[in-house]
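Inspection log for the structure reproduced underneath, given as structure tokens.
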Amino acid sequence: MEDWALIRQLHRVEGLSQAAIARRLSLSRNTVAKALRSTDPPSYSPRPPVEGAFSEVEAAVRDLLGRFPSMPTAVLAERVGWEGSRSWFYANVARLRPGYRVADPADRLVHHAGEQIQCDLWFPGRLIPDHAGVVRDFPVLVMVASHSRYAVAAVLPSRRTGDLLAGMWWCVAEGFGAVPRQLLWDNEAGIGRAGKLAEGVAGFCGALGVRLVQARPYDPETKGVVERFNGYLATSFLPGRTFTAPEDFQAQLTDWLVIANQRTHRTTRTRPVEAMTTEREAMGPLPPVDPVIGHRFTTRLPRDYYVTAAGAAYSVHPGVIGRLVEVVVDLHTVTVTCAGRTVATHQRAWGSGATVTDPVHVAAAALMRRTHQHPRTEGAAGGQVEVADLGVYDRLFGIEVA
């Protein structure tokens, strides 16, 4: 194309002969003459198809694709008895298959105010130290209102059901301040799978008066709002930051979310913090009674007066050894009660393998141990305690003791 235009320019503008143009451009004189005779620029088109080996089986391939659009190419080759080049057959089937593929149209979603909050777990990587200084990849619960795009996030110690419920309640109560009509999750194991919710999830939803919906497997587009915000966190919040503890991560994340929710959203053309004010009015109020959250179980306190919860061991007052105690674990606290009385309260250790001990429990155990090993034989007033004469029984039965 460039040579054709240059040849005509040199001939018509500069008046060069065909021979001079051929010498200057290092082209053949026939090429120059042909370019000067043509009135249209040169065009290139593929050669017309020729009959090949595939033409003989094309009708059979089309018939199979019409009845079975997803039939593998290898099976097609076997069914039609193809014995030629494998790559040539695959290339022709790839050319034909789009015409037989069933269309899967996608509608544009319209999110009404107060209708839905999308939930997902985001894993920032091994960046957050636990109680022992071991850098771990703690999950971050991200919740985004679908209409306003207002986002709230909380770092969690694990992805178990109790921690997920505690994180959701914190985000709903402290972040949104209202309850939507629907919570959208993927098939997270701590929430439920195969159409069955995990233990405690149904009670949590009932207390809030909200419906929980789980997307189909391998369908991230259903909750694309929160998925895109996860990418926003990875590219805008995370780079260049260091963290000293989960509390430090949460503090930095909360401060950043204040700024992020004030930026104009590219899709809605509004600021999420302003749109959330309107959406909050369309949501339901918070329940008058807090839902049951966290992880709780009942166990009998062993002799070493420690209970194991969430991968760590916590001391309990030894006065209830052998009795049933109830252990309640939330995001930040481990509480142990016995018959309605609190016998231990500890700050939760994030991670595994920790041993959390209250010095009061150790001192009480030492006192009980000394009392057991050295029982008192004196009365309360300090006088001698009368000891029974066991020889009375020998004389009563006529037994002589040498």
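Could you grab me the full set of residues in the range 54-72 that are aromatic (Phe, Trp, Tyr) and within 14 Å of Gly84 (Cβ to Cβ)?
Passing the criteria: only Phe54.
Quick one: is Val61 surrounded by 13 or more Cβ atoms within 10 Å (Cβ to Cβ), modelled with pLDDT of 85 or more and either over 30 Å from Leu184 (Cα atoms) or assigned by TED's automatic domain parsing to the domain that holds Gly209 (or both)?
yes
Find the residue count for the range 339-375, including only residues that are more than 13 Å from Tyr305 (Cα to Cα) and under 43 Å from the mean Cα position of the chain (by Cα).
Of the residues in the range 339-375, 14 are more than 13 Å from Tyr305 (Cα to Cα) and under 43 Å from the mean Cα position of the chain (by Cα).
Considering only residues that are assigned to a helix (DSSP H, G or I) and among the aromatic types (Phe, Trp, Tyr), look in the range 190-235 and name the one that is nearest to Ala151 (Cα to Cα).
Filtering first and then ranking leaves Phe229.
Residues in the range 232-244: is at least one within 22 Å of Glu281 (Cβ to Cβ) and surrounded by fewer than 17 Cβ atoms within 10 Å (Cβ to Cβ)?
For the range 232-244, residues within 22 Å of Glu281 (Cβ to Cβ) and surrounded by fewer than 17 Cβ atoms within 10 Å (Cβ to Cβ): absent.
Would it be correct to say that Gln347 is among the polar types (S, T, N, Q) and in contact with a strand residue (DSSP E or B) (Cβ under 9 Å, 6 or more places away or on another chain)?
yes
Could you grab me the full set of residues in the range 299-327 that are aliphatic (A, V, I, L, M) and either without any contact (Cβ under 8 Å) to a residue 40 or more places away in the chain or within 20 Å of Asp130 (Cα to Cα) (or both)?
Correct list: Leu301, Val307, Ala309, Ala310, Ala312, Ala313, Val320, Ile321, Leu324, Val325, Val327.
Just give me the residues in the range 268-298 being under 27 Å from Ala132 (Cα atoms) and not basic (Lys, Arg), in sequence order.
Matches in the range 268-298: Ile293, Gly294, His295, Phe297.
Scan the range 220-240 and give yes if some residue there is touching a residue at least 12 places away in the same chain (Cβ under 8 Å), in contact with a Pro (Cβ under 7 Å, 6 or more places away or on another chain) and over 27 Å from Leu109 (Cβ atoms), otherwise no.
yes
Which number in (1) more than 28 Å from the chain's Cα centre (by Cα); (2) surrounded by 12 or more Cβ atoms within 10 Å (Cβ to Cβ); (3) not hydroxyl-bearing (Ser, Thr, Tyr) marks the one condition that Arg303 misses?
With (1) more than 28 Å from the chain's Cα centre (by Cα); (2) surrounded by 12 or more Cβ atoms within 10 Å (Cβ to Cβ); (3) not hydroxyl-bearing (Ser, Thr, Tyr) applied to Arg303, the lone miss is (2).
Among the residues of the range 356-384 satisfying the criterion of being among the hydrophobic types (A, V, I, L, M, F, W, C) and modelled with pLDDT under 65, which is farthest from Leu301 (Cα to Cα)?
Across the range 356-384, the extreme among qualifying residues is Ala381.
Rundown of residues vs (1) aliphatic (A, V, I, L, M); (2) at pLDDT below 95; (3) more than 28 Å from the chain's Cα centre (by Cα), yes/no style:
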{"site": "Pro291", "(1), (2), (3)": "no, yes, no"}
{"site": "Gly294", "(1), (2), (3)": "no, yes, no"}
{"site": "Val320", "(1), (2), (3)": "yes, yes, yes"}
{"site": "Arg323", "(1), (2), (3)": "no, yes, yes"}
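Please go through the range 83-140 and pick out each residue that is over 30 Å from Arg160 (Cβ atoms), surrounded by 10 or more Cβ atoms within 10 Å (Cβ to Cβ) and of a type in the set (A, V, I, L, M, F, W, C).
Scanning the range 83-140 gives Trp88, Phe89, Ala91, Val93, Ala94, Leu96, Leu109, Ala113.
Taking interchain pairs and intrachain pairs at least six residues apart, which have beta carbon atoms under 7 angstrom, with the first residue in the range 152-173 and in the same structural domain as Val201 (by TED's automatic domain parsing) and the second polar (S, T, N, Q)?
Taking only residues 6 or more apart or on different chains, the pairs are Ala154/Gln250; Val155/Gln250.
Is at least one residue of the range 314-324 buried (at least 17 other Cβ atoms within 10 Å of the Cβ) and within 15 Å of Ala354 (Cβ to Cβ)?
Yes, some residue in the range 314-324 is buried (at least 17 other Cβ atoms within 10 Å of the Cβ) and within 15 Å of Ala354 (Cβ to Cβ).
What's the number of the condition Pro220 fails, among (1) under 25 Å from Val258 (Cβ atoms); (2) at pLDDT below 95; (3) touching a helix residue (DSSP H, G or I) at 6+ places or on another chain (Cβ under 6 Å)?
If we test Pro220 against (1) under 25 Å from Val258 (Cβ atoms); (2) at pLDDT below 95; (3) touching a helix residue (DSSP H, G or I) at 6+ places or on another chain (Cβ under 6 Å), just (1) comes out false.
The values are calculated or read from the model by the stated rules, or taken from the named source; none is laboratory data. Quantities reported herein were computed from a predicted structural model and do not represent experimental measurements. We place every Cβ from the backbone using ideal geometry, glycine too, and count neighbours over all the protein chains shown.
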